[in-house]
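Each remark here refers to the structure printed beneath this line.
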């Protein structure tokens, strides 16, 4: 265990290496230097003490010290710990990430005041070469079918549905059905009251498309005619979100009420003006521009991911474990919350808890390492977040959330503002690295 004497003045601080970024600071000051702090505490007690036979603040000092001896010593010790620790950190230029704990406090009259502090400090980083990092050019070519698909998705809100009379159900159709399910000859709605639309439905609209509704259900409807009834069995997946249905064979009886075909309107000046305020030519130009911008943004994101992968693979240093654990806990809680919102049963989450936490821990290590790398690059390149940068970010957020910027500012908490500043900061560093990157023709 290596020891380093960092200060030879009245305050001494010896740093012991524990492991990685974790250190033990052994701090000591002469007893004489504790007296001014104790004097402040005593004076404060004298001013505020309520003692029988005396007005507030008028009791003799010696009586106050005698009655409140333990309280005075306890508060003096607390103040000394805070102030001496802060002084030791400042004088020795220690970049502490997290204070883990305080131990071995020694506070006895006439003897040096000493204590030990366990801390995690910022890692020592040797930066890899971050200029001319090779990144792919990316494919920003626009295909005609991409324009067609985008236009279709935009005008879909104006689509109409017509009854199909002359054929059977085909992929891409919409059908109107009534149905009910049974398990072991008993109605599913009675066996599993919370099954909802999985148990039965009346005049339900369903799109004939793979992955829609219950797995395998819509496949059974292909080829049916209007007015036809059909009974079939569906085996639910082993990992189905509703536990009572996992791996169960459910028998469904379906009555096909109608077949509907979606008909898109013709793309005319009148339609595009109604949708966007633009004529057809301007509308198509705007669509193409939007696709191009999205492709360019996607290419930039992939390039940034390449830069991140390069930095993480090229630098090796110890991480502050307390920071990793804190980040992992946040990622873990977020993952659990999102899974619950998607309907994952608590029992399943309990089974996978260790697996989810392990993934969270790996993500946290990656994120924490990247944080320190980008911070170090920013320090070297004098990159910081300006008021203008933050203002732009707030305006963009306000636009996305459809709220006035000033109202959004009032709505944001301090933590949310700090989080936004961090996002802006790291994107600014990544933008700098991308400007200095070497664009190459590879995927």
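The values are calculated or read from the model by the stated rules, or taken from the named source; none is laboratory data. Worth saying up front: this structure is predicted, and the values here are computed from it rather than measured. Note that we place each Cβ from the backbone using ideal geometry, even for glycine, and neighbour counts take in every protein chain shown.
Listed values, structure above:
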read-out: Candidate set from region 215-262 (those that are crowded, with 16+ Cβ neighbours inside 10 Å and under 38 Å from the mean Cα position of the chain (by Cα)); member that is farthest from residue 351 (Cα to Cα); value: 218
read-out: Residue match in region 123-135 (condition: more than 30 Å from residue 298 (Cβ to Cβ), surrounded by 16 or more Cβ atoms within 10 Å (Cβ to Cβ) and either under 29 Å from the mean Cα position of the chain (by Cα) or not assigned by TED's automatic domain parsing to the domain that holds residue 294 (or both)); value: yes
read-out: Count of residues meeting criterion [closer than 17 Å to residue 255 by Cα and in contact with a helix residue (DSSP H, G or I) (Cβ under 9 Å, 6 or more places away or on another chain)] in region 189-230; value: 10
read-out: Some residue of region 7-28 being outside the structural domain of residue 372 (by TED's automatic domain parsing), at pLDDT 90 or above, over 47 Å from the mean Cα position of the chain (by Cα) and on the phi < 0 side of the Ramachandran plot; value: no
read-out: Candidate set: region 253-275, residues that are free of Cβ contacts under 8 Å to residues at least 40 places away in the same chain and touching a helix residue (DSSP H, G or I) at 6+ places or on another chain (Cβ under 6 Å); chosen: the one nearest to residue 140 (Cα to Cα); value: 272
read-out: Elements of type helices (runs of 4 or more DSSP H) contained in region 275-390, each with 2 or more residues being touching a strand residue (DSSP E or B) at 6+ places or on another chain (Cβ under 8 Å) and outside the structural domain of residue 96 (by TED's automatic domain parsing); value: 280-314, 321-341
read-out: Only listed residue being over 26 Å from residue 100 (Cβ atoms) and either buried (at least 17 other Cβ atoms within 10 Å of the Cβ) or at pLDDT 90 or above (or both), chosen from 312, 349, 374, 390; value: 390
read-out: Flag if residue 430 is in contact with a strand residue (DSSP E or B) (Cβ under 9 Å, 6 or more places away or on another chain) and assigned by TED's automatic domain parsing to the domain that holds residue 309; value: no
